[in-house]
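**Q** Here you go, one structure.
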Amino acid sequence: MAFTYFFRDGQALELLAQHVIPDLKTRQYIHVWDAGCAMGPEPYSVAITLREHMGHFLFRNVRIFATDIDETNTFGAIINRGVYSREETKRIPPKILRRYFSPYGSDGHLQISEEIKNAVQFQQHDLLSLSPARDGFGLIVCKNVLLHFSPQQRIEVIKMFHRALGTDGYFVSERTQEMPRETAHLFRSVTTTAQLFQKVSTASTREENGRMTNRKSVKAGADENYQSGRPRGRHVLLERSSCPG
């Protein structure tokens with residue numbers, strides 16, 4: 001089973017607060033994708049950071065899509081319950097711990113607040129399907145899972161992230177994982193101290209976004225007729241990774 005803990009990458013959270021959240025606060029809706037979320041400490045850490053720097057009113061517009069391939073079928077229940085051990089929460093600053101957690105049971109576990117839980121929803125998802133959880137994200141977080149993919153798989157997944165981001169959206173990855181040369185033109189570096197990037201809209205992505213908008217406006221019947229003429233099987237371009245994604 002994958003394991004992680006709260007506030008594992010404190011520097012990345014601080015940089016989100018400094019460089020990303022001020023921009024996200026100006027948007028009507030704030031959609032975040034935490035890809036490869038494991039049992040939830042990472043998306044909940046992002047949620048707490050957003051809540052701390054947005055306040056209650058703006059935080060109501062935040063929706064965090066926490067996804068993982070979750071071959072054990074256990075992550076969703078753990079995230080929905082929101083109960084974690086002292087070991088998993090020991091890096092959380094004491095003031096934040098008191099603000100967003102309460103004791104649960106008699107064995108030292110803690111449960112995260114309803115406000116934070118309600119902002120996070122879990123969904124099983126395979127990154128190597130190259131189909132995003134949705135589009136129009138303001139922020140995509142994908143940390144350790146990229147380290148387990150082959151170089152070509154990383155390139156294709158990052159391209160998919162670029163398509164899934166909305167205009168001027170942000171992408172953060174593990175600080176030890178450099179942006180591949182093949183995708184560097186799709187993003188601009190926000191800071192030199194972390195793998196934090198902002199989407200660059202290219203002519204091809206603007207055309208693709210236009211096609212996506214047009215497809216959404218097509219009537220359901222016409223869309224079904226179009227789909228019926230296509231092969232039913234999904235062509236898998238990349239070898240499926242055995243690591244949770």
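Rule-based calculations on the coordinates, nothing more; no lab input. None of the values given here were measured: they were computed from a predicted structure. Virtual Cβ from ideal backbone geometry, glycine too; neighbours counted across all protein chains shown.
**Q** For Arg163 and Arg99, what is the calculated FRET efficiency with R₀ set at 35 Å and r taken between the beta-carbons, to the nearest 0.05? Mind dumping the intermediate values first?
**A** Working: r = 36 Å, r/R0 = 1.04.
Efficiency for this residue pair is about 0.45.
**Q** Given the pairs Lys95/Lys199; Lys25/Lys143; Lys117/Lys143; Lys95/Lys117, which are separated by over 25 angstrom at their Cα positions? Numbers along the way, then the final one.
**A** Details: Lys95/Lys199 34 Å; Lys25/Lys143 23 Å; Lys117/Lys143 21 Å; Lys95/Lys117 18 Å.
The answer is Lys95/Lys199.
**Q** Oh, and also: Assuming R0 = 22 Å, can you tell me the calculated FRET efficiency for the pair Asp135 and Asp23, based on Cβ-Cβ distance, to the nearest 0.05? Each step should come with its number before you reach the end.
**A** Values: r = 18 Å, r/R0 = 0.83.
For Asp135 and Asp23, the calculated efficiency is 0.75.
**Q** For a quick check: with amide H placed at 1.01 Å from N, whose amide H comes under 5 Å from Val200's, ignoring anything fewer than 5 positions away on the same chain?
**A** Residues meeting the criterion, in which the H sits 1.01 Å from N, are Phe187, Arg188.
**Q** Which ³J(HN,Hα) values in Hz, rounded to whole numbers, follow from the phi angles of segment 63-68 under the Karplus curve 6.51 cos²θ - 1.76 cosθ + 1.60, where θ = phi - 60° and Gly and Pro get x?
**A** Working through the residues one at a time gives 10, 10, 9, 9, 10, 7 Hz.
**Q** Still on this structure: Scattering from the C-alpha atoms of segment 1-159 alone, worked out with Debye: what is log10 I(q)/I(0) at q = 0.12, 0.13 1/Å?
**A** -0.51, -0.60
**Q** Nearest 0.05, what FRET efficiency do His56 and Asp126 give at R0 = 35 Å with Cβ-Cβ as r?
**A** 0.50
**Q** So between Ser85 and His185, what do we pick up on full extension, going 0.36 nm a residue minus the alpha carbon distance? Don't skip to the answer; put the middle values down first.
**A** Working: separation 100, 0.36 × 100 = 36.00 nm, distance 4.18 nm.
Gain in length upon complete extension: 31.8 nm.
**Q** Same structure, new question: How long is the gain from Glu14 to Gln152 if the chain were fully straight, where each residue apart is worth 0.36 nm and the alpha carbon distance is subtracted? Numbers along the way, then the final one.
**A** Values: separation 138, 0.36 × 138 = 49.68 nm, distance 3.04 nm.
Full extension from Glu14 to Gln152 adds 46.6 nm.
**Q** Okay, moving on. Once phi is turned into ³J(HN,Hα) by the Karplus curve 6.51 cos²θ - 1.76 cosθ + 1.60 with θ = phi - 60°, what whole-Hz value does each residue of segment 184-197 show in order, with x for glycine and proline?
**A** 4, 6, 7, 9, 10, 6, 8, 8, 8, 9, 7, 8, 10, 10
**Q** Can you list the equivalent-ellipsoid semi-axes of segment 51-121, largest first and in whole Å, using the square root of 5 times each Cα gyration tensor eigenvalue? Kindly include the intermediate steps, with their values, before the conclusion.
**A** Working: eigenvalues 81, 74, 20 Å².
Rounded to whole Å, the semi-axes are 20, 19, 10.
**Q** While we're looking at this one, here's another question. Hey, any idea what Rg/Rh is for segment 141-205, computing Rh the Kirkwood way over Cα pairs? List each step's numbers first, then the result.
**A** Numbers: Rg = 10.9 Å, Rh = 11.9 Å.
When Rh is taken as the Kirkwood radius, the ratio is 0.92.
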